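Just so it is clear, none of the values below were taken in a lab; they were calculated from the coordinates. A quick note: this is a predicted structure, and the numbers were derived from the prediction, not measured. Note that we place each Cβ from the backbone using ideal geometry, even for glycine, and neighbour counts take in every protein chain shown.
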Amino acid sequence: MQEKSDLQSQKDQAGGSRKRSLLKLLLTVGFAVAAVVVAYKIGSDMRAPSSVSPKTEPSFGRSQSDNLFSSGKLLKGVGQSPVDPSKVLFPSMEKTLDPNGPTKAKTCPPGVSAGASTVSETQHADDRTAEAPILPSDREPTLKTEEGPSVEARVPEPTVAVAEATDGASDPAVKTGTILETTPQDKGGPTKQKTSPKKEVVATTPPSAPEINDKSKAEQFQLPGSMTVKIHNYSGAVAKWGLMVILDDSAHMARKNRLWAGNRLKSATNLIEKIPEGMPPGSKLAVRDFQCSKPDKDRKKKPAPCLSRMLYDWSEAPFPGLNDKFAELSPGGVTNPCAAAAFSLKKDFEAIKASKLSPRVLIVTDGSGKCLKADAAAIVEQLFGKESARVDVLGLGMAKNKDFGYSSLAKKTNGVFFTMNNPGDTDQVLSRYGKALKAPIMEKITIKGEKSVFTAVPGEEVTLVPGEYSVELPVVAGIQSSKRTIQSVKISSGEAVVLDIKVKKGKLTTSRSIRKLN
């Protein structure tokens, strides 16, 4: 009996022990669950400390992070009510929407003119503006702030502020604006805005395209005009020449020949000595040959060929010392008369430019040295725009198969080409060449504009840009040199001007006619 009692007592103790263990397990699990819940809530609060419940605080259609002030702090203790659009405050426009009537603008704050909106730096940075909460219609809007320093608007760089509103296209100049900082208003007072001292934001606009003024527009769309100057009873004038003689003193020219009574070089020097008889008064003459170095006394070495040298410098009639220079000639070597002529045109005529002599070149050769096309083209290039400059060629016994280059050169430069087959033709050649030197030539007319100068012979039409020009006439018999300039000749767009010049009893009369160009 006693044993049964002890066995029962042991079973009761074991059952109580299991119940306590189970209770402890349940309590431990409960505490763990409670700790997890508490930790989750604490973590949620830390992640969104300023979150606003949609039931108590309206969101105004944007995220709470966009507000400059914490909406939770501003709306503490504010009652809940439906949104009344008439009480919504728009700080950027300072206007109140009235659903029952037209929109009425509130009184402008100090320093802001009517019709101009108050624009702050924060409004231009993604419209990040501190907005007031929506309040019940029967209460005035108030803001509650906690004690502490005032809150300033901070906008990340870069910031662009526009401090003024313009009606039309803005000037592409740099504008400056001030940053507006908003502080919480006192209870019952209007919202205050203060400007930070000495704090400016510079806003730049891209430069606009350069403007085209009316004058440049007009010039851009103008058509060219033209001018023609006609001088009645004008056949030209006898020119004063600056004649450069290129004497071919090659070995072939100095070769003995019974037909030439010695050699061609001797006949050439005799003809050159008589040329001054047929030159107009006031003309000058010079002579070039190809003996660039002095001849050796022992005659062992032949003189080296050269482009040419100045044998006789510029001089007027009766050309003293010319015969002595010819006596010093020592022919020999290979020559290139056409290249020498091009060289002379480029170099020699600057010395007589002040004398206003017309340039002219006379080549005296037998054609043993070919006149290359390249040399001829160089001469023509030198004469471009200088039609009064001419190149003449005198061929001494020149073969037919060698005269093509020389005759082409004379033709292109308005010169004369003639040949002499024996010394007996000297007088005939001199007479013919004298007539060419004394033949009247049409001198050029000079047309001067603001930025350019043109030359033309009488009767030639010249294309000109619209503008005002002066015309300088050539030397015409009966016209004084002081009266040869016609001023203020206007050329209009698409018009051709013709000037008719007449000289009667020493008086110059000018008539103008204008016609439209097709």
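At a glance:
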{"read-out": "For Ser44, Ser358, order by how many other beta-carbon atoms lie within 10 Å, fewest first", "value": "Ser44, Ser358"}
{"read-out": "Segment 319-337 and segment 390-421: distance between their alpha carbon centers, rounded to Å", "value": "21 Å"}
{"read-out": "Charge dipole (segment 241-438, unit charges on Cβ, about Cα centre) - positive-most of Pro276, Pro318, Asn257", "value": "Asn257"}
{"read-out": "Ranked Arg258, Arg512, Arg288, criterion: other C-beta atoms within 10 Å, fewest first", "value": "Arg258, Arg512, Arg288"}
{"read-out": "Too-long pairs where the Cα-Cα distance tops 22 Å, listed order kept, from Lys346/Lys451; Lys325/Lys346; Lys284/Lys346; Lys347/Lys483; Lys240/Lys266; Lys444/Lys483", "value": "Lys346/Lys451; Lys325/Lys346; Lys347/Lys483; Lys240/Lys266"}
{"read-out": "Area projected by the alpha carbon convex hull of segment 241-438, averaged over all directions, nm²", "value": "10.7 nm²"}
{"read-out": "Rounded, prolate or oblate (a/c below 1.5 giving rounded, otherwise prolate when a/b exceeds b/c) for segment 245-291 by Cα gyration tensor", "value": "oblate"}
{"read-out": "Ranked list, fewest to most other Cβ atoms within 10 Å of each Cβ, for Val380, Val29", "value": "Val29, Val380"}
